[in-house]
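A short worksheet on the structure shown next.
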Amino acid sequence: MPFFVYILASKRNGTLYVGVTNDLTRRMTEHKAKLIPGFTRQYDVTLLVYFETFESALEARSREHTLKRWRRAWKLKLIEDLNPGWRDLTDELNTLAT
């Protein structure tokens, strides 16, 4: 079972959120529907702008912890390097799942 570390944004260069999950499609549905109270719902952080896949929960949690400690500029560069248009990758996830 894969695990995912992901970065959400409110808009280009907006508020960022780093999370981890074992079901990114389900988790994005929850974020977009604002089903879970907390940071992402309060700040409307719903655009999936970056994600990585890992084989174990331990690897994914370690990477999440690392990214959460990164400076904002480093996170922005990571996103810009792989997703320069800041596209919402959620639809691509849904395509990969079918």
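Identify, please: which residue in the range 74-98 is at pLDDT below 95, more than 14 Å from the chain's Cα centre (by Cα) and not hydrophobic (A, V, I, L, M, F, W, C) and is, among those, farthest from Arg63 (Cα to Cα)?
Among residues in the range 74-98 that are at pLDDT below 95, more than 14 Å from the chain's Cα centre (by Cα) and not hydrophobic (A, V, I, L, M, F, W, C), the one farthest from Arg63 (Cα to Cα) is Thr98.
Within the range 45-59, can one find any residue that is under 15 Å from the mean Cα position of the chain (by Cα), of a type outside the set (S, T, N, Q) and assigned to a helix (DSSP H, G or I)?
So far as the range 45-59 goes, no, none of its residues is under 15 Å from the mean Cα position of the chain (by Cα), of a type outside the set (S, T, N, Q) and assigned to a helix (DSSP H, G or I).
Return the total of residues in the range 12-40 being without any contact (Cβ under 8 Å) to a residue 40 or more places away in the chain, under 19 Å from Leu78 (Cβ atoms) and either in a loop (DSSP other than H, G, I, E, B) or more than 12 Å from the chain's Cα centre (by Cα) (or both).
Of the residues in the range 12-40, 2 are without any contact (Cβ under 8 Å) to a residue 40 or more places away in the chain, under 19 Å from Leu78 (Cβ atoms) and either in a loop (DSSP other than H, G, I, E, B) or more than 12 Å from the chain's Cα centre (by Cα) (or both).
Out of the residues in the range 60-85 that are in contact (Cβ under 8 Å) with a residue 40 or more places away in the chain and either of a type outside the set (Lys, Arg) or part of a strand (DSSP E or B) (or both), state the one that is farthest from Leu8 (Cα to Cα).
Checked the range 60-85; the qualifying residue farthest from Leu8 (Cα to Cα) is Ala60.
Looking at Phe3 and the list (1) of a type outside the set (A, V, I, L, M); (2) free of Cβ contacts under 8 Å to residues at least 24 places away in the same chain; (3) touching a Phe, Trp or Tyr at 6+ places or on another chain (Cβ under 7 Å), which single condition is not satisfied?
Result: Phe3 fails condition (2) only.
Based on this model, can you work out whether Val49 counts as under 13 Å from Thr90 (Cβ atoms) and free of Cβ contacts under 8 Å to residues at least 60 places away in the same chain?
Values: under 13 Å from Thr90 (Cβ atoms): yes; free of Cβ contacts under 8 Å to residues at least 60 places away in the same chain: yes.
Judged against the criteria, Val49 is a match.
I'm told Asp88 meets every condition in (1) under 18 Å from Arg12 (Cα atoms); (2) in contact (Cβ under 8 Å) with a residue 12 or more places away in the chain; (3) surrounded by fewer than 16 Cβ atoms within 10 Å (Cβ to Cβ); (4) not small (Gly, Ala, Ser) except one. Can you identify the failing condition by its number?
(3)
The values are calculated or read from the model by the stated rules, or taken from the named source; none is laboratory data. As the structure is a prediction and not an experimental result, all values here were calculated from the model. Glycine gets a Cβ as well: all are built from the backbone with ideal geometry, and neighbour counts include every protein chain shown.
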